[in-house]
Structures are given as C-alpha cells and as structure tokens.
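A short worksheet on the structure shown next.
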Amino acid sequence: MKRWISIFLLLTLVLTFTSCAKEDAEEQGEKEVTFVFDWVPNTNHTGVYVAAEKGFYKEQGLKVNIVQPPEDGGESLVASGKAEFGVGFQDTMAAAWANEDPLPITAVLAIINHNTSGILSAKDKNIESPKDMEHHNYATWDNPVEQAMLKNVIEKDGGDFSKVELIPSTVTDAVSALQTNIDTLWVYYAWDGIAAEVKGLETNYFNFADINPIFDYYTPFIFSSDRFIEEHPELVRAFVEGTSKGYQYAIEHPEEAAEILLKHNPEMDEEIAMASQKWLADQYQADGDRFGEIDPERWNAFYDWLWEEKLIDQKIEKDFGFTNEFLPE
C-alpha cells in the first residue's frame, strides 16, 4: 500500500509540475515535453543538460523538463503519457516487451554505442578474468538475465559458475562495497570504474561484450511511447535533433559539458564527474557512423539469445522496440 501511495504521489507531482511548465512554455511559443531519468543524474545524461543549457532544445522549439523516476523506473510514466521521453536499457526492457501485450514504448536514440558494463573487483583479489570469480562472492540483484549472463561469460572462460557465491545485495557505492566483504560486482565502468580510479582503489575489470559479443547490447537508450511517436513525429524528431546536438557537444567539449552537468547537480562529486565525462567522450558514439544509431544485428542478437536461453516467455520479433527514423542525417 505504501508503495502504491508513493507512486500515486509521484505521478501527482509530475502532473502538477508538467502542467505548470507547459503553460510557461506555451507563453514562449515552445512545446513542452517531460523527460524522466532512469536513476540519479550522472554522465549518461550530460547531453540532455548541455542541450538545455546551450539552447539546442530552444532552437527546436522545445522546452524539456527533467524529472526523477519512480521506484519502478520511467517506463510506466512514458507508456501512460505522463512523460514523453525516458531512459531505458535493452536487458531490463526485455520482460516488458516479451509478452502478448508488450509495453508500448520504442527506443529512438542510443546514448552509448556499446555496452560498457562488466565486473569490477579489488586488485588484491586477483580476479583478472571471469573464471577467476570461482571461490569468490558476487553481489547479485537476483535477476535471471543478470545471472545467466554472468554464468555464460564464466563458463566461456573455462570456469564453474556454481563455485561463485551469490550474495543478494543492491550496491549503490561500488568503491565502498569493494572495501567491505564484497569481492565482485556488476558496474557501468563510466561511473563506478572511473570512481574507483579517482579514489585510488586499484581494481581489475572485464567487460561483458569483450567476452561474448552477444552482450554488446544497448544500455542505455532514450525511448518514447508508441502513441506519442505516432501522433507527434515532428516533436520526436525535434527532441532527438536537440539531444543529439547536446551529446555531440559533450563529445567535443567534455570538460565544459561536465561543468554544465555539475552546475545543474552541485551535489555530484566534481572529480568523478569530470573524469567520467572525459572517458565517455570517446564512448558515446565510439565507432558508430553517427551518434545515437542502433545496429539491428546487435539489438536482435541479444533478444534472440534471451529466447534461446528461455529467459523470456515470448520471442521478441526482429527489429522490434527501436527505430533510427528520427536520427539527424
């Protein structure tokens, strides 16, 4: 009951906030849209702050309001029309799409071109590759896809997954966790890996996509609702254009982009944010032909693997759940 009350109150606040913001935007001749994050602000979101600060959204006739997500993420807000855009992940979205009534949202822009997540451990644990996780513990979210991926890379490296001790734990500070009883944990290197470097903690790290290319899926991406895409394609195109310009600026000017992020989020660790931004500048587009483009082969391969491993209840059809239609040429 408390959870549902919290969600109701959050939705009420979002509706009140967006209603007021919409009136202000309309007075200035702008279209107002709401963007709900996936988590607390971090360098995955920098391009959005840059686009707002530099007037790239204004150039597109948009006013973008940023809100924090409810406990269960922003997907429900976007799907129900309470927000126009959100941040999602291909692995966590699988369950919402793999059923007879898939959640009506579609990815319209990749934030990072490759999966930069993997396993981090303190260097003195001597875990240099997946098989070295044997006889060590791992802080798990107790997610079937997560554990299946971990099992896959450990066995591919010649190890035995059953010899890894799984400790249910929701780690929010990787650096602190690795200095306690936690041996290994799943991180997104752009933040937690960089944080470990900044804080002087010597670590070992391996990236999932380097062990098995199937795991080079999209995490994170920006999505919108199918209904909004159908009814307002010009606004989706305008948002994608402005957002892409913000991330391109962050690629070319990482220090200034980090300063903009910090200006809007002064509680953030400045040293980590700056270092993370410099690292991500080479990762947003990486070897892609253009920022934000989703490769159908990589997208489909991951969902095919989930189906083959019986990790989803229904097969996700080819090219379902994303579009490159709105990317700038």
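Just wondering, is there one or more residues in the range 84-95 that are within 28 Å of Glu309 (Cα to Cα) and of a type in the set (Phe, Trp, Tyr)? Yes: one or more hits. Residue selection: Ile105 fails the criterion of being touching a helix residue (DSSP H, G or I) at 6+ places or on another chain (Cβ under 8 Å), farther than 21 Å from Asp304 by Cα and hydrophobic (A, V, I, L, M, F, W, C). For the range 222-275, list the helices (runs of 4 or more DSSP H) that sit wholly inside it and hold at least 3 residues that are touching a residue at least 12 places away in the same chain (Cβ under 8 Å) and either among the polar types (S, T, N, Q) or open to solvent by less than 10 Å² (accessible area, probe 1.4 Å) (or both); which are they? Filter on the range 222-275 gives 233-252, 254-264.
Which pairs have Cβ atoms under 7 Å, sit 6 or more apart or on different chains, and link a residue in the range 66-85 that is within 12 Å of Phe35 (Cα to Cα) to one that is open to solvent by 50 Å² or more (accessible area, probe 1.4 Å) and charged (D, E, K, R)? That search, which allows pairs on different chains as well, returns Gly81/Arg227. Does the range 103-110 include one or more residues that are within 26 Å of His232 (Cβ to Cβ), open to solvent by less than 10 Å² (accessible area, probe 1.4 Å) and among the hydroxyl-bearing types (Ser, Thr, Tyr)? Checked the range 103-110: no residue is within 26 Å of His232 (Cβ to Cβ), open to solvent by less than 10 Å² (accessible area, probe 1.4 Å) and among the hydroxyl-bearing types (Ser, Thr, Tyr). The criterion of being part of a loop (DSSP other than H, G, I, E, B), open to solvent by 20 Å² or more (accessible area, probe 1.4 Å), more than 25 Å from Ser80 (Cα to Cα) and touching a Pro at 6+ places or on another chain (Cβ under 9 Å) holds for Arg290. Every test in (1) surrounded by fewer than 19 Cβ atoms within 10 Å (Cβ to Cβ); (2) free of Cβ contacts under 8 Å to residues at least 60 places away in the same chain; (3) not polar (S, T, N, Q) is passed by Glu128 save one, and that test is (2).
If I ask for residues that are in a helix (DSSP H, G or I) and among the polar types (S, T, N, Q), which ones from the range 34-47 would you list? Of everything in the range 34-47, those that are in a helix (DSSP H, G or I) and among the polar types (S, T, N, Q) turn out to be Thr43, Asn44, Thr46. Filter the range 48-78 down to the residues that are open to solvent by less than 20 Å² (accessible area, probe 1.4 Å), part of a loop (DSSP other than H, G, I, E, B) and in contact with a strand residue (DSSP E or B) (Cβ under 7 Å, 6 or more places away or on another chain) and list them by number. The answer is Gly74, and nothing else. Kindly establish whether Lys263 is under 19 Å from Phe221 (Cα atoms) and more than 19 Å from the chain's Cα centre (by Cα). No, not satisfied.
The values are calculated or read from the model by the stated rules, or taken from the named source; none is laboratory data. The structure presented is a predicted model; accordingly, all values stated were derived computationally and were not measured. Positions of Cβ are backbone-derived with ideal geometry, glycine not excepted, and every protein chain shown enters the neighbour counts. Side chains included, ligands, DNA and RNA excluded: accessible areas come from the protein's heavy atoms. Shrake-Rupley method; radii C 1.70, N 1.55, O 1.52, S 1.80 Å.
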